[in-house]
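*Asks:* Please read through the structure below; I'll follow up with questions.
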């Protein structure tokens, strides 16, 4: 007897877990979860599935620690084998622009399974960004594009994607952030654990290869953070910690307040009480618009210009501009009040429900 129709949700990184959790919960037993194990350090996965109230996923083998081309090849092979068995999923859901999303979409497409791409249509127009290639591939492979913003819809239409295959859903990050965000009292306790005075510290998070693999860029970032005039709490991604050691930048890091990796809830609690955020994370560019916090994006380009247009985020290359911009934002006493009045450009917090309803079409 054939099993009940189901969809498969493929997840590889922590942001994917966070952003897809509500969809998996809403689908319930109609969703089967696959984890590729993509993160460079296994400690990043940790108990994230349990914290997100998700079932234990099926995990692929031999992905962690492999090079990028090996990761993608192994994912495609293993997922292809999984979906060649009787009764494959009615659809495969992927999120963002990761190697996991690209590989899963390729494997599903080769198996003749429809692909639903969540957070579709983001473009930095910078091919040096690894995710940009993945997103362009997904723009070709996906059968249904769940675009978070009108700009993302426009990108897809400009690339020739038919309007019937695009849905403007909003970004699931809005409800994900609100669901896990500590309230003010809890956030105060979190800040106190780090010895941070509310409103009088900077929260920094750096991990992208463009910044950590280049000793000059990483040194410039750490140096400028040390000149901001406020304490800088900096939870260290394992890649960043290893890069500091490899490049001999311990002295620059000593001027800051480095900590071990922070779980997502702790990070959001620290962000809620911070005066300024400095990061190269993609998700922080979205979360700052929910938290109503100013952010310096330390990158060469961004695929989330909506946060910049709304006045929350500011793009800056590593170097003196980071320090100059940061001191200006810290010194603007009216900035917090202004940002409080600015609507989040990434949706109304109902994206997960919309995407779940779209996925259910394949189950019927």
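Where a number appears in this text, it was derived from the coordinates with a stated rule and is not lab data. Bear in mind that the values here come from a model prediction, so they are computed numbers and not experimental data. Cβ atoms come from the backbone with ideal geometry, glycine included; neighbour counts cover every protein chain shown.
*Asks:* Given the C-alpha centroids of the range 114-171 and the range 317-364, what is the distance between them in whole angstrom?
*Replies:* For the range 114-171 versus the range 317-364, the Cα centre distance is 19 Å.
*Asks:* So, by mean Cβ neighbours within 10 angstrom, what's the order for 257-263, 239-245 with the highest one leading?
*Replies:* So the order, starting with the most tightly packed, is 239-245, 257-263.
*Asks:* Please state the shape class of the range 87-177: rounded when a/c is under 1.5, otherwise prolate if a/b exceeds b/c and oblate if not, all from the C-alpha gyration tensor.
*Replies:* rounded
*Asks:* Sticking with this structure for a sec: Using the alpha-carbon atoms, what tilt in degrees (0 to 90, nearest 10) does helix 14-27 show relative to the longest principal axis of the chain?
*Replies:* 40 degrees
*Asks:* Give me the angle, in degrees from 0 to 90, between the Cα long axis of helix 264-273 and the longest principal axis of the Cα atoms of the chain, rounded to the nearest 10.
*Replies:* That works out to roughly 40 degrees.
*Asks:* Turning to a different aspect of this structure: In percent, how large is the relative contact order of the chain, given Cα pairs closer than 8 Å and 6 or more residues apart?
*Replies:* The value is 16 percent.
*Asks:* Subtract the Cα-Cα distance of residue 125 and residue 143 from 0.36 nm times their separation in residues, and report this length gain in nm to one decimal.
*Replies:* Taking 0.36 nm per residue and subtracting the Cα distance, the gain is 4.3 nm.
*Asks:* When ranked by the protection proxy of mean other Cβ atoms within 10 Å per residue, highest first, what sequence do the peptides 328-334, 147-153, 210-216 form?
*Replies:* Packing order, densest peptide first, comes out as 147-153, 210-216, 328-334.
*Asks:* So, one more: Can you give the extra length, in nm with one decimal, that the chain gains between residue 58 and residue 227 once fully stretched, where that is 0.36 nm per residue apart less the Cα-Cα distance?
*Replies:* Using 0.36 nm per residue and subtracting the Cα-Cα distance, I get 56.2 nm.
*Asks:* Would you calculate the volume per residue, in Å³, of the smallest convex hull containing every Cα atom of the range 169-320?
*Replies:* 105 Å³
*Asks:* While we're looking at this one, here's another question. Gaussian network model of the chain, Cα springs within a sub-10 Å range: biggest mean-square fluctuation belongs to which of 181, 276, 82?
*Replies:* 82
*Asks:* Cα convex hull of the chain: mean projected area in nm², to one decimal?
*Replies:* 17.2 nm²
*Asks:* How much length would be gained if the chain were fully extended between residue 336 and residue 263, taking 0.36 nm per residue of separation minus their Cα-Cα distance, in nm to one decimal?
*Replies:* 23.8 nm
*Asks:* Measure nothing fancy, just the Cα-based angle from helix 282-291's long axis to the longest principal axis of the chain, in degrees from 0 to 90, nearest 10.
*Replies:* For 282-291 against the chain, the angle is about 70 degrees.
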